[in-house]
Each structure stands twice: as structure tokens, then as C-alpha cells.
1. Report the dimensions of segment 98-215 along its three principal axes from the alpha-carbon atoms, largest first, rounded to Å.
2. Normalised by the residues of segment 1-70, what does the relative contact order come to in percent, with Cα pairs under 8 Å and at least six apart?
3. If I stretch the segment between Ser330 and Ile252 completely, what's the gain in nm (0.36 nm per residue apart, minus their alpha carbon distance), one decimal?
4. Counting other Cβ atoms within 10 Å of each Cβ, which trypsin sites (Lys or Arg not before Pro) in segment 311-359 have at most 16 and sit in a DSSP loop?
5. I want to verify the translational diffusion coefficient of segment 206-359 in µm²/s; compute it with Stokes-Einstein, Rh as the Kirkwood radius over Cα pairs, at 10 °C and 1.306 mPa s.
6. Using amide H atoms built 1.01 Å from N in the peptide plane, name the residues 5+ places from Cys99, or on other chains, whose amide H lies under 5 Å from its own.
7. Compute the normalised compactness of segment 198-290: alpha-carbon radius of gyration over 2.2 N^0.38 Å, N being the residue count.
8. Collect residues whose amide H, placed 1.01 Å from N in the peptide plane, falls under 5 Å from the amide H of Ala122; neighbours closer than 5 in sequence don't count.
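The values are calculated or read from the model by the stated rules, or taken from the named source; none is laboratory data. Note that this is a predicted model, so its numbers are computed, not measured. Reconstructed Cβ throughout: ideal geometry from the backbone, glycine too, with neighbour counts over all protein chains shown. Surface areas here come from the heavy atoms of the whole protein model, side chains and all, with no ligands, DNA or RNA. Shrake-Rupley method; radii C 1.70, N 1.55, O 1.52, S 1.80 Å.
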Amino acid sequence: MARIRVGVIGCGLIGQMMHLPHLKELHELFDLVALCDVSPGTLKYVADYYGVEKRFTDHRDLLREPIDAAIVLSADSHGQVVVDALNAGKHVCTEKPMCFTLREADEIIVAHKRAGTVCMVAYMKRYDPGFRYAQPLIQKMPDLQTIHITVLHPSEEMQVGQHDIRRFTDVPAAVRAKLRADQDALIREAVGDFTPLERRIFANNLLSTLVHDVNVLRGLSGDPEAALFADVWNQGEGNLIVLRYASGVRAIISLQYLPDLAHYEETIVYYGKADRVRLVFPSPFFRNMPTPVIVEGMENGKPFEKTVAASMKEAFKEELLHFADCVGHSKTPLTTPEDAKGDVALLHKIFQTLKRPLQ
């Protein structure tokens, strides 16, 4: 298989920390030929570091290049960039959130069908070896009682110090203003007029952070039938959500930002009457950290517990391997635009259960 000629759109934190290093490691599969970022300084630094000659500050210029695939890592909603890439006939791998609105999701799905290329949403937790190990165990659990998802999220500054991340404050003011106005327009389209706190809850807490956990939940258990409750406190630092499945089982999601504590914790626990399966996801800011799966049950009347580290393979790298396989063999990705649309729809329902306005 010929190497996939790749253009990366967005050279910020997650690109420098995860995607670009893994693209370099996977050089037999990928040929990094073009980069785009709205920050000229970031673009120059990253392009120099990786030896990439073709550099652009507008993604539309990059998409005119003879690349096979676009990897979209820019901030906030990726809807328009993904549509533009598909309309240009490119394969696409996009970071979350795919988009903010259901209209954007529908436009992506239409463009994808018209393009006939691969379009994959980069939910790395779905490619994590720990998730893959736990999924059949969870889906075979008898007498499921409840699902608990807990995210204790430190500040970004507490997590990224071990990486050499370069950022520059040189995005032109007019570009910054347009990006902000475009994202505000999408949020307004999704939820109506909003307060600053409501913007944070919708765009950051839900569509940026909990979108991963909602996608994992739906990948394990399908769609809940209702969002029963959502509450936030302490200016959005605390968040609690309750979902109901058709079986009556509740899924309880707790997100707490702890900006001054460096320890990251993310657990997804499925409780049965006589068994329990717990995934403990590592910080997404660290590489090659395993996701332990703790399995508990009863054996001849005696309780047991075992911990399985399925693999040291990095989830971000595994998803790129999956993307290459899909492009090279015309396969449908595990995480599709239709899948991501379901996440956006559920997160909209969760937001709608909040008592507004939030001040």
C-alpha cells in the first residue's frame, strides 16, 4: 500500500502532543506533506520541527494540495473544515467534537456520502485496548443495575509540563474575532441565546470533555431513552448528569474540575447484582499508559477481583492505525459521522435539562 499523503489542520496541543509524533512513528503508512494553523509562529515551529515545506494559515489552501487525507485537529467545532475536506475529495480523520449542531452533522453525512471517502471521528478511547477488552464483558453482564462515570479533571497546566508544547500568541486579531463569532453563532443555533457560563458548559464541559464519555457509554450500551437530570455548580466546575435506559437502568455521570490537583482520574463502572467491571482510563495527556480493567465477581460463593492491563499500546496511535487500514482497504471506521451525530444529539438533550439561565 502506498503511503497516505496527509495534511494536518491545527498544530496546537493535541497535535504536538499526540498526533504528530505518532504520524512520524508511522512513517511507513503516512507521509506528512502539509500543515495548517492560524498561528504563524506555531505553524513555523511545528513545520520546521517535522521538516514540512507546505505551510498554510487557511485550511482551504491546504485542501487544494494533492493530499490523500486531512487530519483535523483545530479547536471547537470542526464541522465546516470537515465538510470542506470531504468536498475536496479527501479522506478525513477529525478530532472531537465533530461539530456543535445537528445541521452540521447532517451536512457532514451528506458530504461524506457524496465523496465516497473515509470519514472517521477520532474517539481514541474506543480504540483503547482496555476498552476493547472490557466491551464484551460488559455487554454480556446479566442483571445490570447501574452505570457510574466519574471524571476528575485537573487543569491543563498540571498535565502538559512533561511535553515540549510550543504556543504563540500571534493569531491575527481579525482571525481570532471571526473564529469566536463563528463558534458563538453555532452555539446560538444549537441552544439559543446564552450566558458566558452556558457557553462554557455547552462548548467545553459537554462538547469537549464529556463527549468522549458519552461516546464510550453509547459504544457499550447504546442510546439512553431520556436525559432525566443535569446540574452544574461552582461556575461550571461541578457537573452531574443522570440518564435513563429503556431497561430502567440509570447512567450517572459526574464531572468535577480540580484545577489545583495534578492527578487525573476517569472511571467507567458497570454494576451487576453479582459482578462489576471497571475501566480506569489514564490521563489523555500521557502516552502509552495502560487502561486497567478491574473485574469483580463471585466464584463458589467467594468474591474475587482481578486487574487486567490489556496492552501498553497507545490509543491515539491505535486509532491512526485503524484510519490507515480503513483508507487502504476501503473499510468503514468504527467511529463514523453518524456515531458522532448521536453523541451531539444526546449532549444537546443533556444541556436542555439544565435550569436556565445559568449565571
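1. 56, 43, 32
2. Numbers: 109 pairs, mean separation 28.3, N = 70.
Relative contact order here is 40 percent.
3. Details: separation 78, 0.36 × 78 = 28.08 nm, distance 3.77 nm.
The Ser330-Ile252 span can extend by a further 24.3 nm.
4. Working: sites: Lys313, Lys317, Lys331, Lys341, Lys349, Lys355; in loops: Lys313, Lys331, Lys355.
When the trypsin sites (Lys or Arg not before Pro) of segment 311-359 are filtered for loop state and at most 16 Cβ neighbours within 10 Å, Lys313, Lys331, Lys355 remain.
5. On the way: Rh = 17.9 Å.
After rounding, the answer is 89 µm²/s.
6. For Cys99, the qualifying residues are His78.
7. On the way: Rg = 14.3 Å, N = 93, 2.2 N^0.38 = 12.3 Å.
Against the empirical 2.2 N^0.38 Å value, I get 1.16 for segment 198-290.
8. Thr94, Glu95, Lys96
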